[in-house]
Each structure stands twice: as structure tokens, then as C-alpha cells.
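Read through the structure below, which is laid out as C-alpha cells, and then see the notes.
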Amino acid sequence: MSFNKFPKIKVTTDEKCITGWDAVRSLIQMKTAKDSVAVIECYHGVDIDQLLQWSQDVFPNSTIFEASQAFKTEEEIIEKTYSDVTDDRIFGFMTQRTLDDFFDADKINALRNRVNKTSGQSIVIGIGASLVVENPDLLIYADMARWEIQMRMRRKEVSNVGLSNHSDGFETHYKRAYFLDWRVCDHLKKELAEKWDYILDTNDHDHPKMISATMFRQGMEQAVRQPFSVVPFFDPGPWGGQWMREKFDLDPEPDNFAWCFNCVPEENSLLMDFNGVTFETPSINLVFFKTTALLGVEVEAQFGAEFPIRFDFLDTIKGGNLSLQVHPLTEYIREQFGMAYTQDESYYMLDADPEAEVYLGLKDDVEPAAMITDLTKAQFNGHQFDAEKYAAKWPAKKHDHFLIPAGTVHCSGTGCMVLEISATPYIFTFKLWDWGRLGLDGKPRPINISHGEKVIQWDRQTEWTAKNLINNIQLVSAGDGWKEERTGLHELEFIETRRHWQTAKVTHQTEGGVNVLMIIEGEEAVVESPDNSFEPFPINYAEAFIIPANIKSYSIRPTGRSEGKEIGTLKAYVRT
């Protein structure tokens with residue numbers, strides 16, 4: 001089975017992508033005079049020590065400054081950011097701070113004076129370097145995708161902003177980055193977008209690539225004028241299965257693959273092909289810098305510069321149950337964590353073993369106090385929690401669709417290959433019971449009963465769940481060689497999903513909003529423009545792809561191995 005693990009957007013340009021540290025050095029030398037100041041602003045995760053050492057080696061006659069010299073002390077940063085980071089193992093509060101809060105006023109003024117008084121060429125490097133020198137002669141932005149940052153966190157190669165804590169555990173790094181570091185870096189990135197001269201791709205330590213601001217803008221503009229896919233990321237987990245490995249020809253080394261983030265623009269990368277050279281940029285950049293064209297006016301008005309729809313895979317075939325869990329209600333996530341909307345979601349079954357089941361909702365007449373007591377005993381006293389005493393369990397088969405509005409107790413059981421369609425705030429899962437197992441790090445995974453008990457909707461019991469959340473499928477329309485069905489989501493959720501079964505071409509209208517789609521049956525198809533405004537876009541089974549709101553109309557038809565056969569597609573969009 002074909003599955004494109006490295007989708008690219010071909011960008012038409014007369015300029016060339018700069019590759020390698022020697023080429024980067026040559027460009028800096030060419031673009032800067034003897035008495036000039038160059039700034040290399042860095043996103044969190046970029047190897048600043050490498051940049052500093054490289055600069056000292058290749059610019060021996062220049063004066064190199066590190067922006068972190070002007071940071072507050074680590075103790076001051078920890079104290080100032082405590083309300084955002086908190087003591088909780090997993091959750092913090094979405095910060096409203098900026099990078100200015102990390103700098104000491106006296107130190108930054110002293111560093112500016114040193115830069116201004118230095119004769120000859122100066123280079124200022126680091127997170128916040130552009131705050132030290134506000135109008136440099138050359139501004140390079142060193143960027144990095146968040147999945148690469150997380151890989152470096154696991155290898156203990158990364159510290160959080162303003163700290164020297166690279167030896168801390170992954171959870172500590174990730175929580176601080178999610179609630180604080182990435183937010184302040186994003187804020188500055190958006191401010192710098194009209195000022196930077198070049199963007200540096202630092203995802204590969206030894207093979208950097210750099211493009212001009214003009215090329216970057218050309219790439220962003222090209223992306224929102226055509227269908228595209230972001231780079232899927234596969235990761236193992238304590239409950240992971242084997243379906244994705246077998247279907248997508250994945251690395252045989254890991255014991256399993258649990259997740260695939262195949263359309264999560266906040267996490268994924270976007271690959272742009274500049275005359276045969278692949279440049280990697282965080283796909284969230286497209287959300288930041290082409291918001292209206294990508295999302296549409298009404299979706300942007302509702303969510304701002306955030307991509308609200310998430311597609312990801314959860315593989316438990318030959319694996320284990322997910323944790324029994326619940327997601328926060330909108331009011332709760334806003335008050336407790338500073339998020340504007342919550343993680344409503346659904347499970348669409350791409351495949352399932354004959355005995356596959358899903359836990360969804362509660363059994364009739366569940367006594368809340370008894371359930372919380374038993375969950376607490378299981379967490380603290382080593383008892384086994386009897387999930388089937390409290391949670392309703394439903395058979396799951398291929399193409400079933402289970403809707404999961406926030407507040408609903410749920411989890412996928414073993415034997416399921418789930419396409420999870422959800423709102424984007426993906427870390428806000430309150431685990432209630434994890435079957436007594438350990439995480440891949442050998443430690444118990446965090447349980448969040450104290451949060452969970454405050455948001456569980458106790459009236460979502462057997463009859464209500466069956467009527468409202470399981471295969472609530474309605475025929476919308478039909479024609480020669482096709483039919484369209486509404487499969488959800490629930491009226492409490494803002495995402496709408498439509499399924500098409502087709503042997504012929506089907507034309508779609510975006511209605512001014514972003515669409516996310518996937519072939520859920522059949523081998524391959526092609527997405528085409530009725531007015532030839534974009535090149536035909538081939539797509540394979542299980543590849544998620546995005547149709548920007550900028551595209552008003554598009555069609556999908558079976559092609560290649562699926563020509564003359566029935567295929568199924570699933571489309572998600574925001575109800576407006």
C-alpha cells in the first residue's frame with residue numbers, strides 16, 4: 001500500500017535554497033559590511049551552542065554576543081512564570097507573557113551598549129536576540145518544528161527558555177514548552193515576520209538550509225492555493241499496535257506504533273520543494289501568516305490564528321486499551337488552563353478486529369461517589385479498577401463512528417484502528433484509569449481523577465449514548481455514482497463530518513472554510529480544480545490532506561488502482 005510519509009509543496013521561484021553551513025557563512029559575509037550587526041533569532045529547541053561555536057569558528061574577526069546574557073536569573077524566571085507552569089505534573093496555564101518578561105532591563109541595556117560600541121562586525125545569537133538589536137543590518141530567523149524539539153527533549157539536548165535544565169525529564173520540558181516557551185516564541189515570531197531577511201531550517205544539526213523572506217512568502221502563498229498534506233509523525237506508546245507498521249511500511253525497530261499525528265499543524269512540519277531542495281518549516285507558520293486564506297473569515301473570527309481541526313491515528317490492533325479518560329468542558333478548560341475551546345472529538349474506525357470494542361459513556365444508574373472512590377483506590381492503593389462495572393462497552397467494526405463530546409467517559413479498546421477527529425487542544429486528557437501499567441519510561445502515567453470528576457457528565461448513560469453518540473449517520477444527498485452521509489459530530493461539538501461513497505467524481509464546496517479530508521476506503525484518488533487553479537493532487541488511502549478556505553471548489557475522483565471501484569472519503573469542517 002502506498003503512503004506518502006514526506007509530502008511536499010513545489011514552490012515556483014527563481015531563487016535558490018541555501019544549503020550547508022559554508023553557504024550560510026558566505027551569504028552572511030556577502031550581506032553584511034565591515035561595521036554591521038547581524039542577528040540570528042532562535043526558536044526554542046534550536047542548538048544555540050552549535051550556532052555560537054560555528055560563528056566563532058567561521059567569523060574569527062567578528063564579535064559574537066549571546067542574547068541569554070541579558071536574561072533574568074533562573075530563579076527569577078522560575079518565580080515569575082510559576083503561575084503559568086504551576087506544580088501540576090502535566091497541566092499549566094496558557095501564558096499571556098512575552099519574551100520581554102525573560103529579560104533583565106539593566107542587563108539588556110548593558111548588552112545593547114556593548115553591541116553599539118563594538119567596532120567591526122557583530123553577531124547577536126539566541127532566543128530574544130532581536131530584542132537586543134531592534135534594527136539589525138541582517139536578521140536571520142532560525143526555526144524548528146515542534147516534533148523535532150520533542151525528539152531533542154527525549155535525548156536531553158534541550159533546555160527550556162532561560163533555564164539550564166536539559167537533564168530534566170521529558171514531561172517537565174514539554175509542559176513548560178507547551179504552556180510558556182512556544183507561546184512567547186510564537187508571539188515574537190509573528191512580530192518579526194515582516195522584518196526577517198532569511199529563515200534558517202535547523203531541524204537537521206549538520207545540514208542547515210536557508211531561504212530568503214521572499215521565498216518563504218512564496219511558499220506560504222503557494223500552500224494556500226492548493227490541497228496539501230503536512231508531514232505525518234509516528235510514535236510508540238504503552239498501548240500501541242501493529243496495524244500502522246504493516247500498512248505504512250514503518251520502522252521495524254520500535255515495539256509498536258501507538259499514534260500518528262498526520263494533521264496537527266501545531267506539531268507537524270510542512271515540506272517545501274525549492275527547485276529540488278527540500279526546506280522544512282513548522283506547519284503552524286502557515287496558520288500564523290496565511291490565516292484568512294487557510295481558515296476562512298468565519299473560522300478565523302471564531303478561533304483566531306489557530307487550526308481547529310485535528311486528524312490523528314490511534315492504533316490498538318495487537319495492542320492494548322487506551323487509558324479510560326474524559327476531556328474538560330469548555331468553561332472548565334478556560335478557567336483552569338486558559339484555553340478558549342476544548343477537546344471535543346470522535347473515533348472513526350478505519351479498521352477493527354472481530355472482537356474490538358470501545359468504552360463510551362456510563363452504565364445505567366452509576367453512582368458518582370462510588371466510581372470516584374474506586375478510581376482513587378486504584379490510583380493510590382494498588383487496587384484494580386473494574387472499568388466494566390461503570391463504563392459502557394460497545395462493539396466496534398470498520399467504518400463505525402463514535403462521537404465523544406467533552407465530558408464523556410471513553411477510551412478505545414484493543415483491536416481498533418482509530419481515525420481520531422477532534423478539536424486541536426490535544427494534551428487536555430484527564431486519565432481516570434490506565435489499567436495498572438507503566439509508560440514507556442517505566443513510570444506510572446499521570447492520572448487526573450481530581451480534574452476528571454469535575455467534568456464527567458454523569459447522565460450520559462446507556463440509552464443516551466446509543467441514541468446520540470454511536471453511528472448517528474444520516475443520508476444527506478445522492479446522485480449517479482455517489483452518496484453523501486452526515487456522520488457527526490454531536491450538536492455539542494463544532495466540527496461537522498461528511499462521508500462520501502463514490503465510484504464517480506464528486507464536487508465539493510468549501511463554503512469559505514477550511515476542509516480536512518481522508519480516503520477511508522479504496523486505494524487512491526485525485527483532487528482536482530474545476531477551473532484548473534491548482535495542479536491535480538494525488539492522494540492515497542489514509543493520507544490526511546487540507547483544502548484551504550482560499551479554494552472555493554474542488555472535486556475528488558477515484559483514480560489508478562481505485563478507478564472504476566467505490567472509494568470512501570471523510571471530510572471535516574467547522575460549523576459556522
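The values are calculated or read from the model by the stated rules, or taken from the named source; none is laboratory data. All values derive from a computational prediction rather than experimental measurement. Cβ coordinates were reconstructed from backbone atoms using ideal geometry, including for glycine residues, and neighbour counts include every protein chain displayed. SASA here: full protein model, heavy atoms, side chains in, ligands and nucleic acids out. Shrake-Rupley method; radii C 1.70, N 1.55, O 1.52, S 1.80 Å.
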Which residues, counting only those in segment 371-428, are among the charged types (D, E, K, R), touching a residue at least 60 places away in the same chain (Cβ under 8 Å) and part of a loop (DSSP other than H, G, I, E, B)? Asp400
Qualifying residue in segment 59-69 (condition: under 30 Å from Val526 (Cβ atoms), open to solvent by less than 50 Å² (accessible area, probe 1.4 Å) and not in a strand (DSSP E or B)): no
Just for segment 187-203: of the residues that are part of a strand (DSSP E or B) and more than 19 Å from the chain's Cα centre (by Cα), which one is farthest from Leu139 (Cα to Cα)? Leu200
Looking for whichever is in contact with a strand residue (DSSP E or B) (Cβ under 9 Å, 6 or more places away or on another chain) and modelled with pLDDT under 95 here; the options are Ser36, Ser68. Which one fits? Ser36
Filtered residues of segment 519-576 (kept if assigned to a strand (DSSP E or B), touching a helix residue (DSSP H, G or I) at 6+ places or on another chain (Cβ under 7 Å) and free of Cβ contacts under 8 Å to residues at least 60 places away in the same chain): Ala525
What about Phe311, is it of a type in the set (Phe, Trp, Tyr), part of a strand (DSSP E or B) and either open to solvent by 10 Å² or more (accessible area, probe 1.4 Å) or within 26 Å of Arg183 (Cα to Cα) (or both)? yes
Test of understanding: among Ala352, Ala391, Ala370, which residue is farther than 26 Å from Ala223 by Cβ, open to solvent by 10 Å² or more (accessible area, probe 1.4 Å), at pLDDT 95 or above and touching a strand residue (DSSP E or B) at 6+ places or on another chain (Cβ under 6 Å)? Ala352
Give segment 435-467 a look and list any residue that's open to solvent by less than 20 Å² (accessible area, probe 1.4 Å), outside any helix (DSSP H, G or I) and aliphatic (A, V, I, L, M), or say none. Val455, Ile456
Quick one: in segment 401-434, of everything that is in contact with a helix residue (DSSP H, G or I) (Cβ under 8 Å, 6 or more places away or on another chain) and at pLDDT below 95, which residue is surrounded by the most Cβ atoms within 10 Å (Cβ to Cβ)? Pro425
State which residue pairs qualify: first residue closer than 17 Å to His399 by Cα and inside segment 470-494, second residue among the β-branched types (Val, Ile, Thr) and open to solvent by 50 Å² or more (accessible area, probe 1.4 Å) in any location, beta carbons under 6 Å apart, and separation of 6 or more residues or different chains. Glu484/Val476; Glu485/Ile473; Arg486/Val476; Thr487/Ile473
Could you check, for segment 282-297, whether at least one of its residues is closer than 30 Å to Pro208 by Cα, part of a strand (DSSP E or B), open to solvent by 20 Å² or more (accessible area, probe 1.4 Å) and touching a residue at least 12 places away in the same chain (Cβ under 8 Å)? no
Take the residues in segment 78-111 that are under 26 Å from Ile449 (Cβ atoms) and of a type in the set (Phe, Trp, Tyr), then tell me which one is surrounded by the fewest Cβ atoms within 10 Å (Cβ to Cβ). Tyr82
Restricting to segment 156-199, and then to whatever is farther than 30 Å from Glu76 by Cβ and in contact (Cβ under 8 Å) with a residue 12 or more places away in the chain, can you tell me which residue is most open to solvent (accessible area, probe 1.4 Å)? Asp197
Across segment 1-15, the tally of residues that are modelled with pLDDT of 95 or more and out of contact with any helix residue (DSSP H, G or I) (no Cβ under 8 Å at 6 or more places or on another chain) stands at 4
Could you tell me whether Lys5 is more than 15 Å from Asn203 (Cα to Cα), open to solvent by 30 Å² or more (accessible area, probe 1.4 Å) and touching a strand residue (DSSP E or B) at 6+ places or on another chain (Cβ under 6 Å)? no
Can you spot a residue in segment 28-41 that is open to solvent by less than 10 Å² (accessible area, probe 1.4 Å) and either in contact with a His (Cβ under 6 Å, 6 or more places away or on another chain) or in a loop (DSSP other than H, G, I, E, B) (or both)? yes
Would you call Tyr341 farther than 17 Å from Glu453 by Cβ, out of contact with any Cys (no Cβ under 8 Å at 6 or more places or on another chain) and not in a loop (DSSP other than H, G, I, E, B)? no
Scan segment 512-530 residue by residue and report those that are closer than 28 Å to Thr292 by Cα, within 25 Å of the chain's Cα centre (by Cα) and not small (Gly, Ala, Ser). Val514, Asn515, Val516, Leu517, Met518, Ile519, Val527
Out of the residues in segment 548-576 that are within 22 Å of the chain's Cα centre (by Cα) and more than 14 Å from Thr507 (Cα to Cα), state the one that is surrounded by the most Cβ atoms within 10 Å (Cβ to Cβ). Ala572
Only residues that are more than 17 Å from the chain's Cα centre (by Cα) and part of a helix (DSSP H, G or I): list them for segment 139-169, please. Arg154
Quick one: how many residues across segment 239-254 are open to solvent by less than 20 Å² (accessible area, probe 1.4 Å) and in a helix (DSSP H, G or I)? 3
Taking segment 298-328, which residues are more than 20 Å from the chain's Cα centre (by Cα), more than 30 Å from Glu355 (Cβ to Cβ) and in contact (Cβ under 8 Å) with a residue 12 or more places away in the chain? Glu298
State yes or no: is Gln56 in a helix (DSSP H, G or I) and either out of contact with any strand residue (DSSP E or B) (no Cβ under 6 Å at 6 or more places or on another chain) or of a type in the set (Phe, Trp, Tyr) (or both)? no
Give the residues of segment 462-486 that are under 27 Å from Gly319 (Cα atoms) and either at pLDDT below 95 or not aliphatic (A, V, I, L, M) (or both), sorted by residue number. Thr462, Thr465, Asn471
